[in-house]
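One structure is given here, and the rest of the page talks about it.
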Amino acid sequence: MSRPPDSLQRMPVLAHLEDLRRCLFRSAVFLVAAFAVCVYFSVPLFNFLAAPLQVAMSGAKLAYTNLSDPFMLYLKVGFIGALFVSFPFLMIQLWLFISPALYPRERRWAVPFVVCTVLLFYLGAWFGWAFLFPVMVQFFISMGKEFQPIITVREYFSLATKLLVGMGLAFETPTIMFFLALVGLTGARFYLRYFKYAFLLIFILAAIITPTPDMVTQTMLAVPMLALYLVGTAASALVPKRHE
């Protein structure tokens, strides 16, 4: 029967809660500081986010229907910017919290785990902004070419952030698979055995994340996710078995 690490056996429940409190407090402080900086640069950040639509509509401006919409928009832009800036720090805090539950040789994966998690999140967001989002914008604009578009900042920001954050999280598939294998819940054989179910689930998720009904956009998302699933399977094969 497997047993928990000695450090975990010695830590009472209250100590775990106190550790969690410290991690959450540090994360909140860092996030608030990043938010203050990103709000100051919210206008150029939103212009960067709106670039695909500006290209598709030849520089046409977005509209707003409520007096407070621009103010709330820049606050939301600042928060999303702070989330992206703070993501590496948040992942470090997450690892510091879960590391006591791991064996010493499993803790050696700390740096690769944090680095890969951060890079994949940024890579997924960049992939969504640079490839998927322009295709989606062109598709929606072409479908409504017979009408006069009145696109509000609220709707556009909501669609853009859902895609960017969703793609960033979707690209975390290998690290999640690796971590589950690291703690002994799954393994490479498990992932290979259920690949056909993962294949179906990935295409369903691609259809949910992408609001366009065309198969081209959904396939553009599903293919990288399938590749990431295979990468996660290969990475899980490197995980040593836990102590008995």
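See the values below:
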| read-out | value |
| --- | --- |
| Pair list, Cβ under 9 Å, 6 or more apart: segment 146-172 residue touching a residue at least 60 places away in the same chain (Cβ under 8 Å) and on the phi > 0 side of the Ramachandran plot, other residue of a type in the set (Val, Ile, Thr) and not in a helix (DSSP H, G or I) | none |
| Residue check for Ala101: among the aliphatic types (A, V, I, L, M) and closer than 30 Å to Ala50 by Cα | no |
| Qualifying position, being in contact with a Phe, Trp or Tyr (Cβ under 6 Å, 6 or more places away or on another chain) and surrounded by fewer than 17 Cβ atoms within 10 Å (Cβ to Cβ), among Ala110, Ala101, Ala82, Ala130 | Ala110 |
| Any hit, segment 59-71, residues being buried (at least 16 other Cβ atoms within 10 Å of the Cβ) and of a type in the set (Gly, Ala, Ser) | no |
| Odd one out for Ser236 among (1) within 18 Å of the chain's Cα centre (by Cα); (2) at pLDDT 75 or above | (1) |
| All positions within segment 214-226 that are under 11 Å from Ile202 (Cα atoms) and of a type in the set (A, V, I, L, M) | Leu221, Ala222, Val223, Met225, Leu226 |
| Positions within segment 45-79 being among the hydrophobic types (A, V, I, L, M, F, W, C) and touching a Phe, Trp or Tyr at 6+ places or on another chain (Cβ under 8 Å), in sequence order | Phe46, Leu49, Ala50, Leu53, Leu62, Leu73, Val77, Phe79 |
| Some residue of segment 177-197 being free of Cβ contacts under 8 Å to residues at least 60 places away in the same chain, within 30 Å of Ala63 (Cα to Cα), surrounded by 17 or more Cβ atoms within 10 Å (Cβ to Cβ) and among the polar types (S, T, N, Q) | no |
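The values are calculated or read from the model by the stated rules, or taken from the named source; none is laboratory data. Being a predicted model, the structure only gives us computed values, none of them experimental. Positions of Cβ are backbone-derived with ideal geometry, glycine not excepted, and every protein chain shown enters the neighbour counts.
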